[in-house]
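Novice: Sharing a structure, written as C-alpha coordinates. Questions coming.
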Amino acid sequence: MAPTSPRRPRLLAAGAAALSVVVSLLAAPGVAAAPTSAPPTTASPNATTSDVARAAACGDGADALVTGSQSSGFTATYHGQTVYQGEYYITAIWEAIGALDPGRTSQEKVSVMASAWIGNNTIDLPSHTAFEVCGTLDTGYVAGRGAIQAIGVQDVSIPTLNLTGAPYFGLRFADVDDLHLGQIDLRMTGGIGIRFERDLPGSSNVRIDSVYASGMPGHAIETWHIDGLRIGTVTARNVGESGLLIQGTSNATIGTVDGENVGTGTGYATFRMANDNGPNVTVDRVRSRGGGRGVFCVSNSRGARINSVDLANTGNNSILIENCSDITVAGGTVNGGGEVRLAARSEFPNNRNIHIALRVDNTSVRESPCGENTTWNLSGNGSRNIC
(Lines give C-alpha, C1' and ligand atoms only; values in the text may rest on other atoms or scores of the structure.)
Protein backbone atom coordinates (compact mmCIF):
# COMPACT_ATOMS: atom_id res chain seq x y z
CA MET A 1 0.00 0.00 0.00
CA ALA A 2 1.26 3.49 -0.84
CA PRO A 3 2.46 5.80 1.93
CA THR A 4 0.34 8.80 2.94
CA SER A 5 2.88 11.16 4.52
CA PRO A 6 6.45 12.12 3.57
CA ARG A 7 9.55 10.88 5.34
CA ARG A 8 12.13 13.68 5.38
CA PRO A 9 15.46 12.23 6.68
CA ARG A 10 18.05 11.05 4.21
CA LEU A 11 18.38 7.34 3.70
CA LEU A 12 21.64 5.55 3.04
CA ALA A 13 21.71 2.74 0.53
CA ALA A 14 21.69 -0.53 2.40
CA GLY A 15 20.51 -2.88 -0.28
CA ALA A 16 17.19 -3.15 -2.07
CA ALA A 17 15.90 -5.93 0.17
CA ALA A 18 16.48 -4.04 3.42
CA LEU A 19 14.94 -0.87 2.05
CA SER A 20 11.90 -2.78 0.86
CA VAL A 21 11.31 -3.98 4.45
CA VAL A 22 11.66 -0.41 5.80
CA VAL A 23 9.20 0.96 3.26
CA SER A 24 6.70 -1.80 4.00
CA LEU A 25 6.80 -0.94 7.71
CA LEU A 26 6.27 2.76 7.00
CA ALA A 27 3.46 2.29 4.49
CA ALA A 28 -0.01 3.30 5.67
CA PRO A 29 -3.13 1.26 4.89
CA GLY A 30 -6.13 2.47 2.98
CA VAL A 31 -4.54 3.98 -0.12
CA ALA A 32 -4.72 2.33 -3.51
CA ALA A 33 -1.54 0.98 -5.02
CA ALA A 34 0.19 2.71 -7.90
CA PRO A 35 -0.96 1.82 -11.40
CA THR A 36 0.67 -1.10 -13.13
CA SER A 37 1.89 1.07 -15.97
CA ALA A 38 2.94 4.69 -16.15
CA PRO A 39 1.04 7.15 -18.34
CA PRO A 40 2.91 8.44 -21.37
CA THR A 41 4.76 11.72 -21.34
CA THR A 42 2.64 14.52 -22.78
CA ALA A 43 3.52 17.73 -24.58
CA SER A 44 1.58 20.77 -25.66
CA PRO A 45 -0.01 20.25 -29.09
CA ASN A 46 1.35 23.67 -30.04
CA ALA A 47 4.93 22.89 -29.03
CA THR A 48 7.62 24.85 -30.85
CA THR A 49 11.24 23.93 -31.58
CA SER A 50 12.31 25.89 -28.51
CA ASP A 51 9.73 23.99 -26.42
CA VAL A 52 11.21 20.71 -27.63
CA ALA A 53 14.72 21.91 -26.80
CA ARG A 54 13.63 22.84 -23.30
CA ALA A 55 11.94 19.46 -22.85
CA ALA A 56 15.09 17.71 -24.05
CA ALA A 57 17.06 19.58 -21.40
CA CYS A 58 14.77 18.50 -18.58
CA GLY A 59 16.90 16.89 -15.91
CA ASP A 60 20.08 18.80 -16.76
CA GLY A 61 21.92 20.08 -13.73
CA ALA A 62 19.82 18.18 -11.21
CA ASP A 63 21.09 17.82 -7.66
CA ALA A 64 18.61 15.01 -6.98
CA LEU A 65 17.13 12.54 -9.44
CA VAL A 66 14.18 10.16 -9.32
CA THR A 67 14.40 7.34 -11.86
CA GLY A 68 12.82 3.95 -12.44
CA SER A 69 9.39 2.54 -13.23
CA GLN A 70 6.46 0.81 -11.59
CA SER A 71 7.72 -2.57 -12.77
CA SER A 72 11.35 -2.16 -11.70
CA GLY A 73 10.97 0.13 -8.69
CA PHE A 74 12.20 3.67 -8.10
CA THR A 75 15.53 5.15 -7.09
CA ALA A 76 16.23 8.59 -5.65
CA THR A 77 19.78 9.90 -5.66
CA TYR A 78 21.39 13.08 -4.35
CA HIS A 79 24.68 14.02 -6.01
CA GLY A 80 25.01 10.41 -7.11
CA GLN A 81 24.35 8.85 -3.67
CA THR A 82 21.28 6.65 -3.32
CA VAL A 83 18.84 8.01 -0.74
CA TYR A 84 15.92 5.73 -1.58
CA GLN A 85 15.35 2.54 -3.51
CA GLY A 86 12.00 0.81 -3.44
CA GLU A 87 8.55 0.38 -4.89
CA TYR A 88 6.93 3.73 -4.07
CA TYR A 89 7.09 6.64 -6.51
CA ILE A 90 5.85 9.20 -3.99
CA THR A 91 8.40 8.12 -1.38
CA ALA A 92 11.21 8.42 -3.90
CA ILE A 93 10.06 11.99 -4.64
CA TRP A 94 9.75 12.89 -0.94
CA GLU A 95 13.20 11.47 -0.21
CA ALA A 96 14.76 13.33 -3.14
CA ILE A 97 13.36 16.63 -1.85
CA GLY A 98 14.32 15.77 1.72
CA ALA A 99 17.90 15.03 0.66
CA LEU A 100 18.52 18.62 -0.48
CA ASP A 101 20.86 20.70 1.68
CA PRO A 102 18.67 21.96 4.54
CA GLY A 103 20.83 25.08 4.96
CA ARG A 104 20.75 26.15 1.31
CA THR A 105 20.23 29.80 0.46
CA SER A 106 19.94 29.27 -3.30
CA GLN A 107 18.03 26.73 -5.34
CA GLU A 108 18.84 23.06 -5.59
CA LYS A 109 16.98 21.05 -8.20
CA VAL A 110 15.03 17.80 -8.09
CA SER A 111 14.34 16.21 -11.49
CA VAL A 112 11.79 13.42 -11.64
CA MET A 113 12.59 11.39 -14.72
CA ALA A 114 10.15 8.56 -13.93
CA SER A 115 6.43 8.43 -14.72
CA ALA A 116 3.92 6.93 -12.28
CA TRP A 117 1.04 7.62 -9.87
CA ILE A 118 1.68 9.40 -6.56
CA GLY A 119 -1.56 8.16 -5.02
CA ASN A 120 -3.67 10.35 -2.75
CA ASN A 121 -0.68 12.38 -1.58
CA THR A 122 0.84 15.85 -1.75
CA ILE A 123 4.30 17.11 -2.68
CA ASP A 124 5.24 20.17 -0.58
CA LEU A 125 8.05 22.31 -1.95
CA PRO A 126 10.31 24.15 0.53
CA SER A 127 12.16 27.42 -0.12
CA HIS A 128 15.05 27.51 -2.61
CA THR A 129 13.81 24.48 -4.52
CA ALA A 130 13.46 23.77 -8.23
CA PHE A 131 11.22 20.76 -8.89
CA GLU A 132 10.55 19.39 -12.36
CA VAL A 133 8.79 16.33 -13.71
CA CYS A 134 10.32 15.18 -16.97
CA GLY A 135 8.03 12.15 -17.18
CA THR A 136 4.32 12.32 -16.32
CA LEU A 137 3.08 12.60 -12.76
CA ASP A 138 -0.37 11.08 -12.30
CA THR A 139 -2.14 12.11 -9.12
CA GLY A 140 -4.98 11.16 -6.83
CA TYR A 141 -7.11 13.41 -4.59
CA VAL A 142 -6.46 15.13 -1.26
CA ALA A 143 -9.26 17.49 -0.19
CA GLY A 144 -8.19 21.13 0.00
CA ARG A 145 -4.64 20.42 -1.14
CA GLY A 146 -2.63 20.38 -4.32
CA ALA A 147 -0.82 17.47 -5.89
CA ILE A 148 2.14 19.87 -5.74
CA GLN A 149 2.09 22.94 -3.52
CA ALA A 150 4.25 25.69 -2.05
CA ILE A 151 2.92 27.60 0.95
CA GLY A 152 4.78 30.26 2.95
CA VAL A 153 8.07 29.88 1.07
CA GLN A 154 10.33 31.77 -1.33
CA ASP A 155 12.45 31.13 -4.40
CA VAL A 156 10.60 28.13 -5.82
CA SER A 157 10.43 27.04 -9.45
CA ILE A 158 8.76 24.30 -11.47
CA PRO A 159 10.55 24.47 -14.83
CA THR A 160 8.71 21.54 -16.43
CA LEU A 161 5.63 19.60 -15.37
CA ASN A 162 3.36 17.06 -17.05
CA LEU A 163 0.45 16.26 -14.72
CA THR A 164 -2.62 14.05 -15.13
CA GLY A 165 -5.31 12.77 -12.81
CA ALA A 166 -8.19 14.18 -10.76
CA PRO A 167 -6.73 16.15 -7.83
CA TYR A 168 -8.50 18.80 -5.73
CA PHE A 169 -5.92 21.27 -7.09
CA GLY A 170 -3.17 20.39 -9.53
CA LEU A 171 -0.85 23.12 -8.19
CA ARG A 172 -1.61 25.14 -5.05
CA PHE A 173 0.20 28.26 -3.80
CA ALA A 174 -0.06 30.93 -1.13
CA ASP A 175 2.30 33.34 0.61
CA VAL A 176 5.03 32.69 -1.97
CA ASP A 177 7.65 35.22 -2.98
CA ASP A 178 9.60 34.65 -6.20
CA LEU A 179 7.79 31.77 -7.89
CA HIS A 180 8.53 30.64 -11.44
CA LEU A 181 6.41 28.15 -13.38
CA GLY A 182 7.90 27.21 -16.73
CA GLN A 183 6.31 24.80 -19.22
CA ILE A 184 3.26 23.41 -17.41
CA ASP A 185 1.02 20.79 -19.04
CA LEU A 186 -2.13 19.90 -17.08
CA ARG A 187 -4.45 17.24 -18.52
CA MET A 188 -6.80 16.62 -15.64
CA THR A 189 -10.22 15.05 -15.17
CA GLY A 190 -10.99 16.74 -11.85
CA GLY A 191 -10.39 19.85 -9.79
CA ILE A 192 -8.76 23.21 -10.55
CA GLY A 193 -5.50 23.34 -12.47
CA ILE A 194 -3.53 26.07 -10.65
CA ARG A 195 -4.87 27.85 -7.55
CA PHE A 196 -3.50 30.75 -5.51
CA GLU A 197 -5.42 30.72 -2.24
CA ARG A 198 -7.95 33.35 -1.16
CA ASP A 199 -7.82 32.97 2.62
CA LEU A 200 -4.05 32.81 3.14
CA PRO A 201 -1.47 35.62 2.75
CA GLY A 202 -0.85 36.76 -0.81
CA SER A 203 2.10 36.15 -3.11
CA SER A 204 4.53 38.38 -4.99
CA ASN A 205 6.84 38.22 -7.99
CA VAL A 206 5.11 35.32 -9.73
CA ARG A 207 6.17 34.37 -13.27
CA ILE A 208 4.37 31.80 -15.42
CA ASP A 209 5.79 31.05 -18.87
CA SER A 210 3.29 28.72 -20.53
CA VAL A 211 0.35 26.66 -19.31
CA TYR A 212 -1.64 24.17 -21.37
CA ALA A 213 -4.74 23.03 -19.47
CA SER A 214 -7.48 20.66 -20.55
CA GLY A 215 -10.26 18.55 -19.15
CA MET A 216 -10.65 19.91 -15.62
CA PRO A 217 -14.18 20.80 -14.46
CA GLY A 218 -12.88 23.85 -12.56
CA HIS A 219 -10.71 26.79 -13.61
CA ALA A 220 -7.49 26.26 -15.50
CA ILE A 221 -5.82 29.01 -13.42
CA GLU A 222 -7.35 30.94 -10.50
CA THR A 223 -5.34 33.59 -8.67
CA TRP A 224 -5.97 35.55 -5.49
CA HIS A 225 -3.83 38.31 -3.97
CA ILE A 226 -0.77 38.46 -6.18
CA ASP A 227 1.29 41.63 -6.42
CA GLY A 228 3.52 41.29 -9.48
CA LEU A 229 2.33 38.64 -11.95
CA ARG A 230 3.80 37.89 -15.37
CA ILE A 231 2.22 35.29 -17.65
CA GLY A 232 3.33 34.34 -21.14
CA THR A 233 0.60 32.08 -22.55
CA VAL A 234 -2.43 30.29 -21.13
CA THR A 235 -4.04 27.75 -23.46
CA ALA A 236 -7.30 26.26 -22.15
CA ARG A 237 -9.24 23.52 -23.89
CA ASN A 238 -12.50 21.93 -22.72
CA VAL A 239 -12.27 23.48 -19.26
CA GLY A 240 -15.38 23.67 -17.08
CA GLU A 241 -14.93 27.17 -15.67
CA SER A 242 -12.45 29.98 -16.53
CA GLY A 243 -9.28 29.75 -18.57
CA LEU A 244 -7.60 32.48 -16.50
CA LEU A 245 -9.39 34.04 -13.51
CA ILE A 246 -7.49 36.77 -11.64
CA GLN A 247 -8.80 38.24 -8.37
CA GLY A 248 -7.25 40.78 -6.05
CA THR A 249 -4.22 40.76 -8.35
CA SER A 250 -2.27 43.90 -9.24
CA ASN A 251 0.72 44.81 -11.40
CA ALA A 252 0.11 42.01 -13.88
CA THR A 253 1.41 41.60 -17.42
CA ILE A 254 -0.22 38.81 -19.42
CA GLY A 255 0.55 37.72 -22.96
CA THR A 256 -2.09 35.51 -24.61
CA VAL A 257 -5.11 33.80 -23.08
CA ASP A 258 -6.49 31.31 -25.61
CA GLY A 259 -9.66 29.33 -24.85
CA GLU A 260 -11.83 26.86 -26.70
CA ASN A 261 -14.95 25.36 -25.10
CA VAL A 262 -14.16 27.11 -21.81
CA GLY A 263 -16.97 27.54 -19.27
CA THR A 264 -19.67 26.17 -21.54
CA GLY A 265 -23.11 26.72 -20.02
CA THR A 266 -21.74 28.96 -17.26
CA GLY A 267 -21.07 32.65 -16.61
CA TYR A 268 -17.34 32.05 -16.54
CA ALA A 269 -15.01 33.28 -19.25
CA THR A 270 -11.83 32.50 -21.10
CA PHE A 271 -10.44 35.56 -19.29
CA ARG A 272 -12.13 36.88 -16.14
CA MET A 273 -11.25 39.64 -13.66
CA ALA A 274 -13.21 39.72 -10.40
CA ASN A 275 -13.29 40.65 -6.71
CA ASP A 276 -11.43 43.98 -6.63
CA ASN A 277 -8.88 42.91 -9.17
CA GLY A 278 -6.26 45.46 -10.24
CA PRO A 279 -4.95 47.97 -10.84
CA ASN A 280 -2.18 47.97 -13.44
CA VAL A 281 -3.16 44.92 -15.46
CA THR A 282 -2.20 44.56 -19.12
CA VAL A 283 -3.28 41.70 -21.38
CA ASP A 284 -1.92 41.50 -24.90
CA ARG A 285 -4.54 39.21 -26.48
CA VAL A 286 -7.60 37.16 -25.59
CA ARG A 287 -8.83 34.56 -28.07
CA SER A 288 -12.00 32.60 -27.36
CA ARG A 289 -14.11 30.14 -29.34
CA GLY A 290 -17.42 28.78 -28.10
CA GLY A 291 -17.75 28.08 -24.39
CA GLY A 292 -19.27 30.59 -22.00
CA ARG A 293 -18.06 34.19 -22.05
CA GLY A 294 -14.99 35.51 -23.81
CA VAL A 295 -14.01 38.38 -21.49
CA PHE A 296 -15.68 39.18 -18.15
CA CYS A 297 -14.85 42.00 -15.73
CA VAL A 298 -16.91 42.17 -12.54
CA SER A 299 -17.18 43.17 -8.88
CA ASN A 300 -15.23 46.41 -8.62
CA SER A 301 -12.24 45.34 -10.70
CA ARG A 302 -10.24 48.21 -12.15
CA GLY A 303 -7.23 49.45 -14.04
CA ALA A 304 -6.89 46.96 -16.90
CA ARG A 305 -6.08 47.19 -20.60
CA ILE A 306 -6.67 44.41 -23.13
CA ASN A 307 -4.81 45.26 -26.31
CA SER A 308 -6.71 42.92 -28.62
CA VAL A 309 -9.52 40.36 -28.60
CA ASP A 310 -10.53 37.66 -31.08
CA LEU A 311 -13.87 36.27 -29.90
CA ALA A 312 -16.33 34.11 -31.82
CA ASN A 313 -19.46 32.08 -31.16
CA THR A 314 -19.48 32.37 -27.38
CA GLY A 315 -22.50 30.81 -25.69
CA ASN A 316 -22.83 33.66 -23.19
CA ASN A 317 -21.69 37.29 -23.51
CA SER A 318 -18.76 37.81 -25.83
CA ILE A 319 -17.70 40.59 -23.44
CA LEU A 320 -19.38 41.54 -20.16
CA ILE A 321 -18.10 44.52 -18.16
CA GLU A 322 -20.10 44.86 -14.95
CA ASN A 323 -19.27 47.31 -12.13
CA CYS A 324 -15.69 47.94 -13.25
CA SER A 325 -13.59 51.09 -13.71
CA ASP A 326 -10.73 52.24 -15.89
CA ILE A 327 -11.03 49.34 -18.33
CA THR A 328 -9.87 49.53 -21.97
CA VAL A 329 -10.42 47.02 -24.76
CA ALA A 330 -8.17 48.61 -27.37
CA GLY A 331 -9.01 46.59 -30.48
CA GLY A 332 -9.94 43.31 -32.08
CA THR A 333 -13.02 41.49 -33.32
CA VAL A 334 -16.19 39.86 -32.06
CA ASN A 335 -18.06 37.61 -34.48
CA GLY A 336 -21.35 35.98 -33.52
CA GLY A 337 -22.14 34.52 -30.15
CA GLY A 338 -23.42 36.49 -27.19
CA GLU A 339 -23.70 40.26 -27.06
CA VAL A 340 -21.08 42.75 -25.99
CA ARG A 341 -22.60 44.16 -22.80
CA LEU A 342 -21.88 46.88 -20.25
CA ALA A 343 -24.02 46.28 -17.17
CA ALA A 344 -24.19 47.07 -13.45
CA ARG A 345 -25.60 45.63 -10.26
CA SER A 346 -26.68 47.78 -7.33
CA GLU A 347 -24.25 46.40 -4.74
CA PHE A 348 -21.18 47.88 -6.49
CA PRO A 349 -20.41 51.28 -8.04
CA ASN A 350 -21.49 51.73 -11.66
CA ASN A 351 -19.06 51.29 -14.56
CA ARG A 352 -16.68 54.22 -14.92
CA ASN A 353 -14.05 55.15 -17.52
CA ILE A 354 -14.72 52.26 -19.90
CA HIS A 355 -13.19 52.57 -23.38
CA ILE A 356 -14.06 50.05 -26.10
CA ALA A 357 -12.71 49.89 -29.66
CA LEU A 358 -14.00 46.84 -31.56
CA ARG A 359 -15.29 45.41 -34.80
CA VAL A 360 -18.52 43.60 -33.88
CA ASP A 361 -20.32 41.43 -36.44
CA ASN A 362 -23.38 39.21 -36.18
CA THR A 363 -24.18 40.04 -32.57
CA SER A 364 -25.32 43.06 -30.59
CA VAL A 365 -23.72 45.74 -28.42
CA ARG A 366 -25.64 47.00 -25.40
CA GLU A 367 -24.95 49.40 -22.53
CA SER A 368 -27.56 49.31 -19.74
CA PRO A 369 -27.48 51.17 -17.43
CA CYS A 370 -25.37 53.98 -18.82
CA GLY A 371 -21.93 54.14 -17.25
CA GLU A 372 -19.84 57.16 -16.34
CA ASN A 373 -17.47 58.32 -19.09
CA THR A 374 -17.94 55.43 -21.50
CA THR A 375 -16.40 55.79 -24.96
CA TRP A 376 -17.11 53.52 -27.92
CA ASN A 377 -15.28 53.14 -31.23
CA LEU A 378 -17.25 50.50 -33.08
CA SER A 379 -17.36 49.06 -36.58
CA GLY A 380 -19.03 46.01 -38.10
CA ASN A 381 -22.70 45.06 -38.63
CA GLY A 382 -23.59 44.41 -34.98
CA SER A 383 -26.69 46.24 -33.72
CA ARG A 384 -26.06 48.91 -31.08
CA ASN A 385 -28.01 50.08 -28.07
CA ILE A 386 -25.45 52.27 -26.29
CA CYS A 387 -25.42 55.56 -24.38
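Novice: Would you please list the contacts, defined by Cβ atoms under 9 Å and residues six or more apart or on different chains, that run from a residue in segment 225-252 that is in contact (Cβ under 8 Å) with a residue 60 or more places away in the chain and over 19 Å from residue 203 (Cβ atoms) to a residue that is assigned to a strand (DSSP E or B) and charged (D, E, K, R)?
Specialist: The qualifying pairs are 235/258; 235/260.
Novice: So, one more: Looking at 314, 282, which is the one that is on the phi < 0 side of the Ramachandran plot and in a loop (DSSP other than H, G, I, E, B)?
Specialist: Exactly one of 314, 282 is on the phi < 0 side of the Ramachandran plot and in a loop (DSSP other than H, G, I, E, B), namely 314.
Novice: Given the criteria more than 22 Å from residue 232 (Cα to Cα) and modelled with pLDDT of 95 or more, does residue 334 qualify? It would help to see each step written out before you state the result.
Specialist: On the way: more than 22 Å from residue 232 (Cα to Cα): yes; modelled with pLDDT of 95 or more: yes.
Judged against the criteria, residue 334 is a match.
Novice: Could you tell me which residue of segment 182-213 is nearest to residue 165 (Cα to Cα), considering only residues that are within 11 Å of the chain's Cα centre (by Cα) and small (Gly, Ala, Ser)?
Specialist: It comes out as 193.
Novice: Considering only segment 340-363, state which residues are under 19 Å from residue 287 (Cα atoms) and either in a loop (DSSP other than H, G, I, E, B) or among the hydrophobic types (A, V, I, L, M, F, W, C) (or both).
Specialist: Scanning segment 340-363 gives 340, 356, 357, 358, 360, 362, 363.
Novice: Can you give me the number of residues within segment 131-157 that are of a type in the set (Gly, Ala, Ser), on the phi < 0 side of the Ramachandran plot and surrounded by fewer than 22 Cβ atoms within 10 Å (Cβ to Cβ)?
Specialist: First, pick out the residues of segment 131-157 that are of a type in the set (Gly, Ala, Ser): 135, 140, 143-144, 146-147, 150, 152, 157.
Okay, now just the ones that are also on the phi < 0 side of the Ramachandran plot, so 135, 140, 143, 146-147, 150, 157.
Pick out the ones that are also surrounded by fewer than 22 Cβ atoms within 10 Å (Cβ to Cβ) and you get 140, 143, 157.
Summing the residues that are of a type in the set (Gly, Ala, Ser), on the phi < 0 side of the Ramachandran plot and surrounded by fewer than 22 Cβ atoms within 10 Å (Cβ to Cβ) in segment 131-157 gives 3.
Novice: Ok, one more. Got a number for residues in segment 364-376 being in a strand (DSSP E or B) and touching a Gly at 6+ places or on another chain (Cβ under 9 Å)?
Specialist: The total comes to 1.
Novice: Also: Scan segment 302-348 for residues that are surrounded by 19 or more Cβ atoms within 10 Å (Cβ to Cβ), of a type in the set (Ser, Thr, Tyr) and without any contact (Cβ under 8 Å) to a residue 40 or more places away in the chain and report the count.
Specialist: Final tally of qualifying residues: 2.
Novice: Could you tell me whether any residue of segment 193-213 is farther than 26 Å from residue 281 by Cβ and in contact (Cβ under 8 Å) with a residue 24 or more places away in the chain?
Specialist: Step one: of segment 193-213, the residues farther than 26 Å from residue 281 by Cβ are none.
Looking for residues that are farther than 26 Å from residue 281 by Cβ and in contact (Cβ under 8 Å) with a residue 24 or more places away in the chain, one finds none in segment 193-213, hence no.
Novice: Can you confirm whether segment 366-373 contains a residue that is on the phi < 0 side of the Ramachandran plot, loosely packed, with under 14 Cβ neighbours inside 10 Å and of a type in the set (Gly, Ala, Ser)?
Specialist: yes
The values are calculated or read from the model by the stated rules, or taken from the named source; none is laboratory data. Worth saying up front: this structure is predicted, and the values here are computed from it rather than measured. Glycine also receives a Cβ, built like all others from the backbone with ideal geometry; neighbour counts cover every protein chain displayed.
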